Amino acid sequence: MAEDLNNKDIYFPSYLGTNDKLITLLNRASQTLCEWLSKAEENGPLPFDGSFKCIMPTEDGNSEEDLFSEIESLLNNSFNPVHPGSLAHLDPPPLIFSILGDLIAAGLNNNLLAYELSPSVTLLEESLCKWFAKTIGFNEFSGGIVASGGTLSNLNALIAARNNAGLGKNPNSVLLVSEDAHSSFVKCIRVMGLDIKNLVRIKTDSQGRMDINDLRKSLNKCSIENKKIFAIVATLGTTVRGSIDPIKEISEICKQRNIWLHIDGSIGGIFALTSIPIEGLNNIKMANSITINPQKIIGITKTSSLLLVSNMSTLENTFNTGLPYISSKEDIINRGEIGIQGSRPAEVIKLWLGLRFLGLNGIENILKSSIKRKDYFIKNISKNKFDIYSGPLHIVSFLPKKLEPKDSDAWTQTKVNELINNNFMLSRPKFKGKYFLRVVMGNYNTKESHIKELLRLLDT
Ligand SMILES: Cc1ncc(COP(=O)(O)O)c(C=O)c1O
């Protein structure tokens with residue numbers, strides 16, 4: 001064990017003096033991280049050597065040298081999102097100011113559970129959620145809560161929706177989502193103590209959007225069967241092809257029938273901060289709640305997800321417990337009282353810094369560039385060879401024409417392996433009984449020359 005470790009002062013930051021030791025270690029860690037990021041070109045998006053050993057804690061702890069060598073090994077065996085061929089998922093390169101935000105949040109170690117444990121960050125989160133809510137068109141009663149990922153934001157929304165409908169324990173309560181909606185809704189239903197039959201799937205049209213006629217049929221069927229609908233989910237950007245459900249029509253139906261409209265804008269919701277003309281965006285202000293995941297396109301480091309609600313009292317009424325072991329201030333809401341999570345890191349700092357650094361023009365620039373890459377890819381991929389599935393966002397799924405569903409597994413697997421050998425990482429989602437190849441054009445480092453090369457490889 002290193003001698004230094006016997007000196008307790010270095011277990012934790014010092015509250016006196018200069019914290020020289022911490023500064024040295026942070027500098028070294030930054031150096032190590034930046035070297036790894038810059039080696040992406042050499043190493044490709046995925047590591048191949050598999051040499052990382054998961055060494056467990058020892059009796060006396062380990063030396064700095066040991067730990068730095070293990071950090072290096074861990075990095076060298078990690079997925080590298082900054083490589084221009086990292087095009088498989090909604091995991092873009094990290095925004096520089098967001099990396100700094102994570103560092104500050106870790107050093108700060110404040111807790112969003114309560115105002116007294118995070119005074120400035122509580123106010124920051126409240127204000128930023130309100131700013132988002134107002135920017136997308138909600139009124140003064142609106143606001144939101146940060147959560148660790150879109151699944152949790154969706155869950156927060158649906159629990160609030162069910163509570164708002166007074167259906168807490170009703171086994172007849174149902175949720176309506178499209179057949180292309182994200183799998184997190186299956187989890188939500190289970191966590192909410194319901195059965196998979198309480199999740200009603202609405203058909204999608206040829207463009208992957210919720211079919212309004214089928215929605216109307218399902219609503220009538222629910223009413224005949226005495227099912228109580230606590231929410232309809234409209235997806236703003238489906239996972240496999242980036243389609244957008246007809247939000248205007250769905251919101252009108254919800255209004256007529258007094259049903260909570262939740263928009264899963266995990267992928268597309270962030271476009272509402274820009275003037276990019278995306279269908280349905282003008283109507284999102286009709287929703288009761290919307291999930292937005294800034295981690296998915298603009299590079300806010302994971303996790304970063306927001307649930308915005310048109311009326312904050314719906315979250316307060318659903319989640320408030322009184323938090324008996326915490327002193328509260330009358331005019332300030334403890335953030336652990338308006339969502340499912342209790343203790344929570346100051347994740348909002350990296351979102352705030354990222355957005356402040358980019359500004360609205362920077363956000364628009366990143367999003368426009370994603371669409372431009374997608375458009376270039378679609379324009380140039382062989383239409384004779386492939387069937388293309390894509391919506392208005394930056395995601396494209398495709399498959400060779402006339403490929404039998406049973407052959408899609410082997411074809412996509414072979415192609416994914418071939419591509420990764422050439423430093424392009426694509427995904428192979430299973431969708432409607434077949435496997436597809438999917439490319440997600442959210443990587444700012446991917447240039448036209450890379451896309452040309454990818455197209456060439458796909459054509460061989
Ligand atoms: C449309 C959609 N909703 C929700 C989620 C879940 O988000 P998370 O993985 O952050 O929990 C995803 C994830 O890809 C998604 O694509």
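The values are calculated or read from the model by the stated rules, or taken from the named source; none is laboratory data. This one's a predicted model, so the numbers in the text were calculated from it and none came from an experiment. Cβ sites come from the backbone with ideal geometry, for glycine too, and all protein chains shown count toward neighbours.
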query = What residue, among those in region 4-35 that are surrounded by fewer than 11 Cβ atoms within 10 Å (Cβ to Cβ) and closer than 23 Å to PRO57 by Cα, is modelled with the highest pLDDT?
reply = PHE12
ask   = LEU351: closer than 16 Å to SER127 by Cα and either in the same structural domain as PHE132 (by TED's automatic domain parsing) or assigned to a loop (DSSP other than H, G, I, E, B) (or both), yes or no?
value = yes
query = Do the conditions hold for ASN384, that is, is it surrounded by 20 or more Cβ atoms within 10 Å (Cβ to Cβ), modelled with pLDDT of 95 or more and part of a loop (DSSP other than H, G, I, E, B)?
reply = no
task = Please work out which residue is farthest from the ligand (Cβ to nearest atom), limiting yourself to region 140-149 and to residues that are more than 12 Å from SER305 (Cα to Cα) and part of a loop (DSSP other than H, G, I, E, B).
result = GLU140
query = What about SER390, is it of a type in the set (Ser, Thr, Tyr), buried (at least 20 other Cβ atoms within 10 Å of the Cβ), under 30 Å from SER153 (Cα atoms) and modelled with pLDDT of 95 or more?
reply = yes
query = Which residue pairs have Cβ atoms closer than 6 Å, lie 6 or more positions apart in sequence or on different chains, and pair a first residue in region 40-65 that is on the phi > 0 side of the Ramachandran plot with a second residue that is at pLDDT below 95 and β-branched (Val, Ile, Thr)?
reply = none
note = Residue pairs qualifying under the 8 Å Cβ cut-off, at least six apart or on distinct chains, with the first in region 388-410 being in a loop (DSSP other than H, G, I, E, B) and the second being among the aromatic types (Phe, Trp, Tyr), are LEU393/PHE271; LYS401/PHE386; LEU403/TRP411
ask   = Out of curiosity, is LEU315 within 16 Å of the ligand (Cβ to nearest atom), touching a strand residue (DSSP E or B) at 6+ places or on another chain (Cβ under 9 Å) and at pLDDT 95 or above?
value = no
task = Test GLY149 against the criterion of being among the small types (Gly, Ala, Ser) and at pLDDT below 95, and give yes or no.
result = no
ASP66 vs. criteria more than 16 Å from the ligand (Cβ to nearest atom), assigned to a loop (DSSP other than H, G, I, E, B) and not assigned by TED's automatic domain parsing to the domain that holds LEU454 = no
inquiry  = Given the criterion within 16 Å of the ligand (Cβ to nearest atom), within 21 Å of the chain's Cα centre (by Cα) and among the aliphatic types (A, V, I, L, M), identify the matching residue among LEU112, LEU152, LEU103.
reply    = LEU152
MET1 being over 24 Å from GLU453 (Cα atoms), assigned to a loop (DSSP other than H, G, I, E, B) and at pLDDT 95 or above = no
message = With charged (D, E, K, R), out of contact with any Ser or Thr (no Cβ under 8 Å at 6 or more places or on another chain) and under 13 Å from ALA114 (Cβ atoms) as the only criterion, which of LYS385, LYS372, LYS379, LYS329 stands out?
response = LYS329
ask   = Give me the pairs: first residue in region 346-370 and among the charged types (D, E, K, R), second residue assigned to a helix (DSSP H, G or I), beta-carbon distance under 7 Å, and six or more apart or on different chains, which are they?
value = GLU347/ALA105; LYS350/SER98; LYS350/GLY101; LYS350/ASP102; LYS350/ALA105
query = Can ALA165 be described as within 15 Å of the ligand (Cβ to nearest atom), modelled with pLDDT of 95 or more and under 18 Å from LEU261 (Cβ atoms)?
reply = no
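Residues are listed down the side, and each one gets a yes or a no for (1) within 16 Å of the ligand (Cβ to nearest atom); (2) in contact with a Leu (Cβ under 9 Å, 6 or more places away or on another chain):
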{"residue": "GLU225", "(1), (2)": "no, no"}
{"residue": "THR235", "(1), (2)": "yes, no"}
{"residue": "VAL240", "(1), (2)": "yes, no"}
{"residue": "ASP245", "(1), (2)": "yes, yes"}
{"residue": "GLU252", "(1), (2)": "no, no"}
{"residue": "GLN256", "(1), (2)": "no, no"}
{"residue": "ILE259", "(1), (2)": "no, yes"}
{"residue": "HIS262", "(1), (2)": "yes, yes"}
request  = Name the residue, out of ALA106, ALA160, that is crowded, with 24+ Cβ neighbours inside 10 Å, outside any loop (DSSP other than H, G, I, E, B) and touching a residue at least 60 places away in the same chain (Cβ under 8 Å).
outcome  = ALA160
task = Would you point out which residue out of LYS302, LYS255 is in contact (Cβ under 8 Å) with a residue 12 or more places away in the chain, of a type in the set (Lys, Arg) and under 20 Å from PHE138 (Cβ atoms)?
result = LYS255
ask   = Quick one: would you say ILE349 is away from the ligand (no atom under 16 Å from the Cβ), touching a Pro at 6+ places or on another chain (Cβ under 9 Å) and not acidic (Asp, Glu)?
value = no
request  = Given the conditions (1) assigned to a loop (DSSP other than H, G, I, E, B); (2) under 22 Å from PHE424 (Cα atoms); (3) among the hydrophobic types (A, V, I, L, M, F, W, C), report the number of the one that LEU37 does not fulfil.
outcome  = (1)
ask   = Taking region 168-202 as the search range and keeping residues that are under 28 Å from PRO345 (Cα atoms) and of a type in the set (Lys, Arg), which one is farthest from the ligand (Cβ to nearest atom)?
value = ARG190
request  = Output the residues belonging to region 337-373 that are aliphatic (A, V, I, L, M) and crowded, with 20+ Cβ neighbours inside 10 Å.
outcome  = ILE338, ALA346, VAL348, ILE349, LEU351, LEU353, LEU355, LEU358, ILE363, LEU367
ask   = Can you name the residue in region 271-310 that is closer than 21 Å to SER369 by Cβ and outside any loop (DSSP other than H, G, I, E, B) and is also farthest from the ligand (Cβ to nearest atom) among such residues?
value = LEU273
